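Peer 1: Let me give you the structure first, and then I'll get to my questions.
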Amino acid sequence: MTIAPLDIDAAANNPLDILEELVVANEWPFDRSGPDEMVVEATGRWCDYRMFFVWREDVHALYFTCAFDMRIAENRRSEITDLLALVNEKLWLGHFDLCSDDNMPMFRHTLLTRGWQRLSVEQLEDLVDIALCESERFYPAFQFVIWAGHSPHDAMSMAIMDTVGEA
């Protein structure tokens with residue numbers, strides 16, 4: 001999934017102001033319930049994603065989640081927990097987690113910004129792009145465990161094929 005780049009002067013200290021422009025540029029529906037919270041919906045190849053951003057100026061941090069439109073049945077929870085450990089080993093930035101309230105898988109990451117003047121447009125674009133790309137990349141593994149009943153190891157090997165060389 002590729003997001004539309006944004007070309008603005010990032011003078012704002014609240015990164016959600018910049019993110020709002022990024023969301024509008026991509027024509028994604030969103031709701032900004034206050035100056036420090038925003039919910040965004042994006043359609044991916046496999047499912048719809050709900051992104052949640054919270055800016056905490058007091059700790060200079062931007063909290064971010066990207067949740068799948070998928071629910072995990074209680075009888076699959078332990079297998080999904082094992083899958084999460086395998087998936088997280090493949091990530092360099094952020095991690096996947098399971099929301100305890102509604103058993104929804106989600107990508108999570110928090111950017112600490114203390115000492116920075118502001119987050120750049122490029123940093124925010126990268127944050128969203130990485131979350132959506134990794135969610136799309138690992139979605140099939142979750143489906144293989146949930147719907148096909150495969151083991152987490154088998155699901156990872158079927159869903160993730162790392163290519164080597166050039167065609």
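The values are calculated or read from the model by the stated rules, or taken from the named source; none is laboratory data. Since the structure is predicted, the reported quantities are computational estimates derived from the model, not experimental observations. Every residue, glycine as well, gets a Cβ built from its backbone with ideal geometry; the counts of neighbours run over all protein chains shown.
Peer 1: Can you tell me how many residues within the range 60-102 are closer than 17 Å to Asp48 by Cβ and surrounded by fewer than 16 Cβ atoms within 10 Å (Cβ to Cβ)?
Peer 2: Matching residues across the range 60-102 total 4.
Peer 1: Restricting the first residue to the range 140-158 and requiring it to be within 10 Å of Ile80 (Cα to Cα), which pairs with a second residue that is small (Gly, Ala, Ser) meet a Cβ separation below 6 Å and a spacing of at least six or different chains?
Peer 2: Ala141/Ala155; Ala141/Ala159; Val145/Ala155
Peer 1: May I pose another question? Pick from Glu89, Glu136, Glu122: which is touching a Gly at 6+ places or on another chain (Cβ under 8 Å) and among the acidic types (Asp, Glu)?
Peer 2: Of the residues listed, the single one that is touching a Gly at 6+ places or on another chain (Cβ under 8 Å) and among the acidic types (Asp, Glu) is Glu136.
Peer 1: Tally time: how many residues in the range 140-155 are surrounded by fewer than 19 Cβ atoms within 10 Å (Cβ to Cβ), part of a helix (DSSP H, G or I) and either under 20 Å from the mean Cα position of the chain (by Cα) or aromatic (Phe, Trp, Tyr) (or both)?
Peer 2: Count: 2.
Peer 1: Read through the list (1) part of a helix (DSSP H, G or I); (2) at pLDDT 90 or above, then give the number of the only condition that Asn75 fails.
Peer 2: Here Asn75 clears every test but (2).
Peer 1: Restricted to the range 42-59, and to residues that are free of Cβ contacts under 8 Å to residues at least 60 places away in the same chain and surrounded by 15 or more Cβ atoms within 10 Å (Cβ to Cβ), which residue is nearest to Ala148 (Cα to Cα)?
Peer 2: Arg50
Peer 1: From the residues in the range 98-139 that are β-branched (Val, Ile, Thr) and either in a helix (DSSP H, G or I) or free of Cβ contacts under 8 Å to residues at least 12 places away in the same chain (or both), which one is farthest from Pro152 (Cα to Cα)?
Peer 2: Among those residues, the one meeting the criterion is Val121.
Peer 1: For the range 19-66, name all the residues that are of a type in the set (S, T, N, Q) and assigned to a strand (DSSP E or B).
Peer 2: Ser33, Thr43, Thr65
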